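The values are calculated or read from the model by the stated rules, or taken from the named source; none is laboratory data. Predicted, not measured: the structure shown is a model, and the values here were computed from it. Cβ sites come from the backbone with ideal geometry, for glycine too, and all protein chains shown count toward neighbours.
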Amino acid sequence: MTERSHESHENVPSRQRRRFAGISSRAYEHPADRSALVALRKLTGFDTVFRTLSGLLPERSLRLLFLSDSVRVSDAQFTHLNEMLRDACYILDLEKVPPMYVNQDPQPNAMCIGLDEPIIVVTTGLVELLDEEEMRAVIGHEVGHALSGHAVYRTILLFLTNIALKVAWIPLGNVAIMAIVTALREWFRKSELSADRAGLLVGQDLQASMRGLMKIAGGNHLHEMNVDAFLAQADEYEKGGDLRDSVLKILNLLPRSHPFTTVRAAELKKWSETRDYQRIMDGHYPRRDEDKDTSVTDSFRESAAHYADTVRSSKDPLMKLVGDIAGGAGDLGGKLRDKFTGQGGGSAGKGGATDGSTDSARPAEPRDPEEGPGTGSGPAGS
């Protein structure tokens, strides 16, 4: 392992890992995340607008809050975390190491926020939950957010969410803001998948990344859990149920800033098996100095191709139906009825009940959605 070229990078990783000199965040960004970021970066006056907006955002207050009421990671405090942070910045070639704080909170969580300069915050609950290699992946996740510029949009999302709460009493005022918040959350969920990939590039240990996500979902009971069984849950979640369940999945996901944990694990494992990941590990990846030449059209084309492939390969009943419709499948009314009643394939699909009952083909009353997970950022967050 070669010596670091920056003064801020004084220590090499505790075990030998590949370094990605000059790597662009495009190398690991999810297609939907990448297309949104490229488009924003290409907007004329984008930087000026957000610099102006920064005067309205409580960033300075947040920095003072963490400085005064959390523990700043350094050579003197949480030294093991400080070494991991420096390692992550070295591996992803992020020259300026962001400040990192440990905040007293039993909820396992981490985030990267800030407009001018990102700061990373991890909670005591997360520090106590994860082992060294699992924690390394999480810190790499947050450094990936910093390299991609996600901290800016996360800060804006927090700001707009707070505004939505304050103007909820104004007729239609909350509706407009929440529409923006909902769109930002959809983008942000994709950015979490990007950052998970960055965490894998830093840790270079897929099993550690899997264990970390599994612990985030089930707590510190590793001897009671199994990665393969955990991944099987993601497969069951995706392909199980009928259209009613597909709708409930969407309703459960909308208020969340993060994808569901089993889904994140499955997505990361899938990416680790791709040629794109192997090429990065072999040293073939887009460089930062090429970012200015990135085509918005190409990025949107890649994003569209990704979503088309997702629809084609998805096991979810709603996505399969969308694929059938896009493929020109007939009898749309029958397909919709069968999907909602779970009777696909029977004669009911052509208007008749399979058991002769006049009610069996009637869609059942949709059950009330269960209360979805909270809207707070999940562990290894933004």
Worksheet item: Do you know which of the residues in segment 60-82 that are within 25 Å of the chain's Cα centre (by Cα) and surrounded by fewer than 21 Cβ atoms within 10 Å (Cβ to Cβ) is modelled with the lowest pLDDT?
Response: LEU62
Item to complete: Examine segment 247-262 for a residue that is modelled with pLDDT under 85 and more than 21 Å from GLU192 (Cα to Cα), and state whether such a residue exists.
Response: yes
Practice prompt. Can you tell me which residue among PHE230, PHE188 is surrounded by 17 or more Cβ atoms within 10 Å (Cβ to Cβ), aromatic (Phe, Trp, Tyr), at pLDDT below 80 and in a helix (DSSP H, G or I)?
Written response: PHE188
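Out of VAL138, VAL181, VAL175, VAL143, report the one residue that is at pLDDT below 95, surrounded by 17 or more Cβ atoms within 10 Å (Cβ to Cβ) and in a helix (DSSP H, G or I). Steps first, answer last, please.
Numbers: VAL138 fails: at pLDDT below 95; VAL175 fails: surrounded by 17 or more Cβ atoms within 10 Å (Cβ to Cβ); VAL143 fails: at pLDDT below 95.
None of the other options fit; the residue is VAL181.
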Response to the item:
ARG4 passes all but one of the listed conditions (1) charged (D, E, K, R); (2) at pLDDT 90 or above; (3) in contact with a Phe, Trp or Tyr (Cβ under 8 Å, 6 or more places away or on another chain); the exception is number (2)
Worksheet item: Under the condition of being β-branched (Val, Ile, Thr) and in contact (Cβ under 8 Å) with a residue 40 or more places away in the chain, which residue from segment 61-112 is nearest to ALA21 (Cα to Cα)?
Response: ILE91
Worksheet item: Out of all the residues in segment 92-109, which are of a type in the set (S, T, N, Q) and either within 14 Å of HIS145 (Cα to Cα) or outside any loop (DSSP other than H, G, I, E, B) (or both)?
Response: ASN103
Worksheet item: Restricting the search to segment 93-134, which residues are buried (at least 21 other Cβ atoms within 10 Å of the Cβ) and charged (D, E, K, R)?
Response: GLU134
Worksheet entry | So LEU201, is it modelled with pLDDT of 95 or more and either within 20 Å of VAL122 (Cβ to Cβ) or assigned to a helix (DSSP H, G or I) (or both) | yes
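Every residue, every condition in (1) within 16 Å of ALA195 (Cα to Cα); (2) modelled with pLDDT under 90, yes or no:
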site	(1), (2)
VAL97	no, no
PRO106	no, no
MET111	yes, no
HIS150	yes, yes
Worksheet item: Only one of (1) at pLDDT 75 or above; (2) in a loop (DSSP other than H, G, I, E, B) fails for THR44. Which number is that?
Response: (1)
Fill in: Looking only at segment 265-295, and only at residues there that are farther than 18 Å from ILE23 by Cα and in contact (Cβ under 8 Å) with a residue 60 or more places away in the chain, the one that is surrounded by the most Cβ atoms within 10 Å (Cβ to Cβ)
LEU268
Item to complete: Name the one entry in LEU37, LEU57 that is within 19 Å of LYS190 (Cβ to Cβ), modelled with pLDDT of 55 or more, out of contact with any Lys or Arg (no Cβ under 7 Å at 6 or more places or on another chain) and surrounded by 13 or more Cβ atoms within 10 Å (Cβ to Cβ).
Response: LEU37
